[in-house]
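In what follows, a single structure is set out as structure tokens and then discussed.
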Amino acid sequence: MNISEEYIRVVNARFQSVKDLGDKTLEQLSDQELLWSLNKESNSIAVIIKHISGNMISRWTDFLITDGEKKWRNRDEEFKIAAYSKAELIEYWDNGWRVMLNSLTSLKEEDLLKKVYIQGEGHLVIEAIERQLAHYSYHVGQIVYIAKQIKGSDWSSLSIPKGKSEEFKRDMLKKYQDQ
């Protein structure tokens, strides 16, 4: 087993599971619900999607070659409130994830200890990966939380539903005992 290949496989799976949480959340929401925010200071899910996508495209384009904060990125624009359709937002979402996942999976063992820069700050590639995993998880958590508030009792759980922990544990034990 090659630890570098295994690391890339594991973080790729973690990023994919974060994306899947977001995908399952977006499926439950309407165009209008994606634009909802609690107040002027709060971000809508649409704004968070624009920000994550902008971040991914900036950070992961020419990942090993250029600073992750590209001159062409307009971060402040990502936080401006605008009316987007669900289809447009999913296109932004998928494009950001595509750029990120393609870049991640193209990394080789010798790349992991190279130095890359984000806003002028040097990071080992593995540090930059972990930084981005934490960042995207944070924002997808926000998306899920906002969606749960919007949907209320119409929310379809993405994990273990309340009151179902023991049933879930039994199912998982059975699943893995049978393997």
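Estimated at 0.36 nm per residue, the fully extended path between S157 and E69 surpasses their Cα-Cα distance by 28.2 nm. When you count the other C-beta atoms within 10 angstrom of each residue and take the mean per peptide, 50-56, 67-73, 131-137 line up highest first as 50-56, 131-137, 67-73. Estimated at 0.36 nm per residue, the fully extended path between I3 and K80 surpasses their Cα-Cα distance by 23.5 nm. Scanning the chain for long hydrophobic helices, with DSSP H runs required to stretch 20 angstrom or more by C-alpha along their axis and to average at least 0.0 on the Kyte-Doolittle scale, returns 45-60, 125-151. Under 26 Å of direct C-alpha separation, and excluding same-chain neighbours fewer than eight residues apart, K70 reaches these lysines: K19, K50, K80, K108, K114, K115.
The heavy atoms of S42 offer some 40 square angstrom of accessible surface to a 1.4 angstrom probe. Legend: calculated FRET efficiency, E91 to K24, from the Cβ-Cβ distance at R0 = 22 Å, rounded to 0.05, equals 0.80. By a 1.4 Å probe calculation restricted to protein chains, T105 has an accessible surface near 70 Å², given to the nearest 10.
The residues of the chain expose, per residue, 61 Å² of accessible area to a 1.4 Å probe. Summary of packing: across the peptides 114-123, 141-150, the per-residue average of other C-beta atoms within 10 Å ranks them, highest first, as 141-150, 114-123. Each Cα pair under 8 Å and six or more residues apart adds its sequence gap; the mean of these over the residue count of segment 17-69 is a relative contact order of 17 percent. Specify which residue in the list G152, N55, V116 is farthest towards the positive end of the charge dipole of the chain, using unit charges on the beta carbon of Lys, Arg (+1) and Asp, Glu (-1), about the Cα centre. So the residue we want is G152. Ordering 28-41, 91-104 by mean Cβ neighbour count within 10 Å, with the highest value first, yields 91-104, 28-41. Amide H contacts of G68: Y117, I118, Q119, G120, each under 5 Å away and 5 or more positions distant or on a separate chain (H built 1.01 Å from N in the peptide plane; Pro and chain starts excluded).
If r is the Cβ-Cβ distance from Y117 to F168 and R0 is 35 Å, what FRET efficiency results, to the nearest 0.05?
Working: r = 43 Å, r/R0 = 1.23.
That pair, Y117 with F168, gives E of 0.25.
Could you please state how large a percent of the accessible area of the chain is carbon and sulfur, counting protein chains only and using a 1.4 Å probe? Solvent-exposed carbon and sulfur of the chain make up 52 percent of the total. Computing Rg/Rh (Cα atoms, Kirkwood Rh) for the structure here picks out one of (i) 0.94; (ii) 1.02; (iii) 0.97, namely (ii).
Assuming 0.36 nm per residue, please report the length gained on full extension of the stretch S103 to K148 beyond their Cα-Cα distance. If you can, show how the numbers build up before the last one.
Details: separation 45, 0.36 × 45 = 16.20 nm, distance 3.15 nm.
Separation in residues times 0.36 nm, less the Cα-Cα distance, equals 13.0 nm.
The values are calculated or read from the model by the stated rules, or taken from the named source; none is laboratory data. If you're wondering where the values come from, they're calculated on a predicted model, not measured in any experiment. Neighbour counts run over all protein chains shown; Cβ positions are idealised from the backbone, glycine included. These accessible areas exclude ligands, DNA and RNA; they are computed on the full protein's heavy atoms, side chains included. Shrake-Rupley method; radii C 1.70, N 1.55, O 1.52, S 1.80 Å.
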